[in-house]
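J.: Can you keep this structure in mind? I'll have questions shortly.
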Amino acid sequence: MMKNNIDYRGFRYPPEIIGYAVWLYHRFTLSFRDIEDLLAERGVTVSYEAIRLWCIRFGPSYARQLRKKSHRFGDHWYLDENTSVRKNSV
């Protein structure tokens, strides 16, 4: 997932696994135990508590990087007046 400017030193698992677990949690709003099961199906044994700690530690960093990458062209949107909903006439 995202690993720029994030320090993974001291963690047992590679950045790809940590990033994948954090991405699953935030993207699909799964529980930590669900992510533990998904990783176990892929042969990665990790506790749900470790996943919780990863999400607390790395989640905000990933969110900051995603916000920097998103290109926002404007904060306003306009409704076209020609596409208004017609009322049923009786």
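No value in this document is a laboratory result; all are computed from the given coordinates. Note that this is a predicted model, so its numbers are computed, not measured. Cβ placement follows ideal geometry from the backbone for every residue including glycine, while neighbour counts extend to all protein chains displayed.
J.: Classify segment 15-69: rounded, prolate or oblate, from the alpha-carbon gyration tensor (a ≥ b ≥ c, eigenvalue square roots; a/c under 1.5 rounded; otherwise prolate if a/b is larger than b/c)?
T.: Judged from the Cα gyration tensor, segment 15-69 comes out prolate (a/c at least 1.5, a/b above b/c).
J.: What is the extension gain from Tyr48 to Lys68, computed as 0.36 nm multiplied by their sequence separation minus the C-alpha to C-alpha distance, in nm to one decimal? Don't jump to the answer; show the numbers that get you there.
T.: Details: separation 20, 0.36 × 20 = 7.20 nm, distance 2.92 nm.
Length difference between fully extended and current span is 4.3 nm.
J.: Counting other beta carbons within 10 Å of each Cβ, put Ser47, Ser61 in order, fewest first. Write out the running numbers ahead of the final one.
T.: On the way: Ser47 11, Ser61 16.
Going from least to most buried by this count: Ser47, Ser61.
J.: State, to one decimal in nm, how far the label point of Ile6 lies from the label point of Ser31, with both points 7 Å from Cα in the Cβ direction.
T.: Placing both labels 7 Å along Cα→Cβ, they lie 2.4 nm apart.
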